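S.K.: Sending over a structure as structure tokens; questions will come in a sec.
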Amino acid sequence: MLIMSLAVVFLVAGLGLALGGGWLVALDGSPYYLVAGLGFLATGVLLLRRRPEALLVHALVLAGTLVWAIWEVGFDWWQLGPRGGVPVLLGLLLLLPLVRRRLAVPTAQGLAPGLVLGGVVLASVAVAGYSMVQDPSAVRGALTRDVAFPLRNGVNTGNEAGEGEWHQYGRTGFGQRWSPLTQITPANVGDLRLAWQFRTGDVKRPDDVGETTYQVTPIKVGNSLYVCTPHNIAISLDAATGKENWRYDANSGMNPDRQHQTCRGVTWWETPATPPAGATPEQAALHGRALAECPRRIYLPTADARLIALNADTGAVCSFFADNGVLHLEQGMEYNPAGYYYSTSPPVAVDGKLIIGGAVNDNFSTREQSGVIRAFDIDSGALIWNWDSGNPDQTAPIDIAGGERYTTNSPNSWSVFSYDERLGLVYIPMGNRVPDQLGMDRTQAVEEHSSSIVALDIRTGQKRWVRQTVHHDLWDMDVPAQPVLVDLTRDGKVIPALVGPTKQGDVWVLDRRTGAPLSPREELPAPGGAIAGDWTAPTQPISKLTFRPGRLAEADMWGATMFDQLSCRIRFRSLDYRGQYTPPSTRGTIVYPGNFGVFNWGSVAVDPERQVLFGMPTYLPFTSRLVPAEAIPPRGEDEKASEQGLNRNDGAPYGVFMGPFLSALGVPCTAPPWGYVAGADLRGEHVVWKHRNGTVRDMTPLPLKIRLGVPGIGGPIVTRSGLAFLAAAVDDYFRAYDLTTGAQLWEARLPAGGQSTPMTYAVDGKQYVVIVAGGHGSVGTRPGDYILAYALP
């Protein structure tokens, strides 16, 4: 019975491998699976006949597998395992005495096949053991500890408010995510303990859209923290104890057409003691009212396209602002479908202005809201200027009452802005025009500004420069991250620079006065072959400092076993892929890096003194397939908005079906690591170290804490003491790293997914590190409503 069962296993496995392997060969893929399948079938037949040659045939298959696997991927355990795991396991079963004794041959004659198979199994185990202690994906090195630019009076950090403060999303208008605090160090970070915990009470609801996420970074002013929740509740906490001071619920309601239900942060403003120079009597009177009613303010963006002014001390609405405290952001839109437009990121408050963009649903319709960037008076809410990427030269306020409207579907900016008050510039990371994958009807203005970083004059909104990161973007490669501003030393000179991470993995290091790269840029050839009526750019830009992955090959396909790995190889050969920037098609296209990008809204953290960068590059391919409009089924009654699955593109000739490139078992089709932490030198613009990050602890039914290097979305911070803090990965941990080497120094288990960016501050001489853990709908981490503060005992 045992021999019969084992024979059936070989026959079934062999049939599957032979059929799938034949299919793969027909697609011009590796012949290994066909050959291995035939070997499995031969072994199964020999077992049915109880012949000892079954062991020899399997030994030959296993030896061939070992040689082939090392030739394809080297000594990488996580790639060798799926290739050799099943053959080795079956070899061990064949070596069982119960099996060998039942073979129709005398013991003496059956000894040699067993020895041969045993030797090959032993060699396979030895290779596996050796590969387990290798890490071929790692880049080892050490960032410089030298201080290139000692900070004096806040120079090189932006609008510095004090060492213990964190007044804006990225701490200051420069967005560096760097703190000068030094109480927590690499030597004592292992002693961090939970100091306090707060639960907001805002948890994901059954009727929420899929991407309901906690992405908020608290800000800290004086003795108070300020946060917002996914459903737009603003909360003030005591920074030392975590006790609630006040809360305000914006009652933004629910809408199944929202692709995102999130709030990344709120904006702080303190009313100056005197009116601005040249203020009219009306402006001076309004300033006096603001000073009396809301001397300190919080501005809350909402999911129903409002911006609300609140008293930072009490949570009361500031009635003098806009329409009784509420600014309606849908004004001036030609089309205004509910749920398609909202602001997920905090606006910039500078020079008496609130500068704000907005998120526009990806791939819903050709009649969506504009991506206009607007500046409003911070007291009255009056429109001061508007910069519409579809009409970029006209920045004077449009005549809304007279019927003027912004450009429909123009490229938008949904992320966080940075600004330099001395240069008078605000820096905008731009998305692209929807539909993302169809570029047939884009105007010259849209082409120029899509997927770019744009510098606007804070006073007038006029464009000062634009740096495009993708030409004719057909892959949703919008610039997702807040640009980081830092002064860099080059050849004895100090250059005001901008560091711009992108989804492609490029990190653009630019002169922020002009947008010119500090190092020569290149244009690389890109694949052609767009659908009829569209076109592709012949070349695409690449920066000197880049975390781009290499071109995918069939050998990069992965799976938990050789069988789902084979299915991924077949899918790889079946889809259209000719390298990065392969255009969308009705056949289906691999998009790599995928829509989550190498970097996303979490951006990177930069130490302005050492002039080094800490980031979390992620590598996860996606697939997209264009669907003719006539083939799109009617919308379901309970259908909810999502960036994954079928995106309808109402009014366009094609919709698009998109999602991560996964195997039949739901794991990525590409080999790990999928997520890293990395350090780079900004003076030389090169990667210094890179290590896999995160475990599969929360990705599998079994709580296996295996450091595989998992995807993540969120951002890091760094401190003057040489630490980096990051959660973000899809396992529920908050970690500290040595900024110099990338070594992990500390971790804490989180009660929910930590897909946010931490922050740090000091109160009464004590340094705290805070992370919000509420989960992320798109990556499937555990939802929650936690704010957690850690400190030394």
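The values are calculated or read from the model by the stated rules, or taken from the named source; none is laboratory data. Just so it is clear, the structure is predicted and the values come from calculations on it, not from any experiment. Cβ placement follows ideal geometry from the backbone for every residue including glycine, while neighbour counts extend to all protein chains displayed. The area values use the complete protein model at the heavy-atom level, side chains included, leaving out ligands, DNA and RNA. Shrake-Rupley method; radii C 1.70, N 1.55, O 1.52, S 1.80 Å.
S.K.: For the chain, find the longest principal axis of its Cα atoms and tell me its angle to the long axis of helix 53-73, 0 to 90°, nearest 10.
M.R.: The two axes meet at around 30 degrees.
S.K.: Using Rg and Dmax of the Cα atoms in Å as the read-out, say which of (i) 28.8, 84; (ii) 28.6, 110; (iii) 26.9, 87 was calculated from these coordinates.
M.R.: Label (ii) holds the value from this structure.
S.K.: If you put +1 on each Lys and Arg Cβ and -1 on each Asp and Glu Cβ, how big is the dipole of the range 520-575 around its Cα centre, in Debye rounded to 20?
M.R.: Roughly 100 debye for the range 520-575.
S.K.: How far, in nm, would the chain grow between Leu151 and Ala664 when pulled straight, counting 0.36 nm per residue and subtracting the alpha carbon separation?
M.R.: 179.4 nm
S.K.: Is any residue of the range 722-742 close enough, with backbone N under 20 Å, to a label point placed 7 angstrom from the Cα of Glu163 along the Cα-Cβ axis, and if so, which?
M.R.: Within reach of a label on Glu163, which here means backbone N under 20 Å from a point 7 Å along Cα→Cβ, the range 722-742 contributes 722-725, 739.
S.K.: Follow-up. Do any trypsin sites (Lys or Arg not before Pro) in the range 242-293 lie in a DSSP loop with no more than 14 other beta carbon atoms within 10 Å, and if so, which?
M.R.: Within the range 242-293, the qualifying trypsin sites (Lys or Arg not before Pro) (loop, at most 14 other Cβ atoms within 10 Å) are Lys243.
S.K.: Give, rounded to the nearest 20 debye, the magnitude of the charge dipole that the range 119-272 has about its Cα centre when Lys and Arg contribute +1 at Cβ and Asp and Glu contribute -1 at Cβ.
M.R.: That gives the range 119-272 a dipole magnitude of about 240 debye.
S.K.: Write down the percent of antiparallel bridges among all DSSP beta bridges whose residues are both part of the chain, to the nearest 5.
M.R.: The antiparallel proportion sits near 95 percent.
S.K.: If you fit an axis through the alpha-carbon atoms of helix 32-48 and take the longest principal axis of the Cα set of the chain, what angle between them do you get, 0 to 90°, nearest 10?
M.R.: Approximately 40 degrees, to the nearest ten.
S.K.: Here's something else I'd like to know. Using a simple charge model, +1 on the beta-carbon of Lys and Arg, -1 on the beta-carbon of Asp and Glu, nothing else, what dipole does the chain show about its Cα centre, in debye to the nearest 20?
M.R.: So the magnitude is around 2860 debye.
S.K.: Out of the total accessible area of the range 683-763 (probe 1.4 Å, heavy atoms of protein only), what percent is carbon and sulfur?
M.R.: 58
S.K.: Sticking with this structure for a sec: Measure nothing but the geometry: give the 0 to 90° angle between the long axis through the Cα atoms of 562-574 and the longest principal axis through the Cα atoms of the chain, rounded to 10°.
M.R.: 60
S.K.: Give me D for the range 369-451 in µm² s⁻¹, whole number, from Stokes-Einstein with Rh from the Kirkwood sum over alpha-carbon pairs, 20 °C and 1.002 mPa s.
M.R.: D = 155 µm²/s.
S.K.: Pop the C-beta distance of Leu15 and Ala629 into the FRET formula with R0 = 45 Å and round what comes out to the nearest 0.05.
M.R.: 0.65
S.K.: Cut-off under 17 Å on the C-alpha distance; same-chain residues fewer than 8 positions from Lys204 excluded. Which lysines are left, in chain and number order?
M.R.: Lys640
S.K.: Could the peptides 198-205, 514-521 be put in order, highest first, of the mean number of other beta-carbon atoms found within 10 Å of their residues?
M.R.: Taking the mean over residues of other Cβ atoms within 10 Å, the ranking is 198-205, 514-521.
S.K.: Determine, at each q value in 0.14, 0.18, 0.21 (inverse angstroms), the log₁₀ of I(q)/I(0) that the Debye formula gives when each Cα of the range 20-96 is one equal point scatterer.
M.R.: -0.48, -0.76, -0.97
S.K.: Given a Förster radius of 60 Å and the C-beta distance between Ala553 and His328 as r, what FRET efficiency does 1/(1 + (r/R0)^6) yield to the nearest 0.05?
M.R.: Once rounded, the FRET efficiency stands at 0.70.
S.K.: Report, ordered by chain and residue number, the lysines lying within cross-link reach of Lys493, taken as a straight Cα distance under 24 Å and ignoring same-chain residues fewer than 8 apart.
M.R.: Lys544
S.K.: With the dipole of the chain worked out from charges on the C-beta (+1 for Lys and Arg, -1 for Asp and Glu) around the Cα centre, which of Val479, Val730, Val73 lies farthest toward the positive end?
M.R.: Sorting the options by dipole projection puts first Val73.
S.K.: Using a cut-off of 10 Å between beta-carbons, work out the net charge of the residues near Ala455 (Lys and Arg +1, Asp and Glu -1, Ala455 not included).
M.R.: +3
S.K.: Let me ask another. In whole percent, how big is the carbon plus sulfur part of the accessible area of the range 142-223, probe 1.4 Å, protein atoms only?
M.R.: Summing carbon and sulfur atoms, their accessible area is 47 percent of the total for the range 142-223.
S.K.: Here's something else I'd like to know. Once label points are set 7 Å from the Cα along Cα→Cβ at both Asp393 and Asp191, what is their separation, rounded to one decimal in nm?
M.R.: 6.5
S.K.: Excluding same-chain residues fewer than 8 positions from Lys220, which lysines have a Cα within less than 22 Å of its Cα?
M.R.: Lys243, Lys353, Lys766
S.K.: Give me the accessible area per residue for the range 145-226, probe 1.4 Å, as a whole number in Å².
M.R.: 40
S.K.: From Cα coordinates alone, what are the radius of gyration and Dmax values for the range 128-211 in angstrom?
M.R.: 20.6, 56
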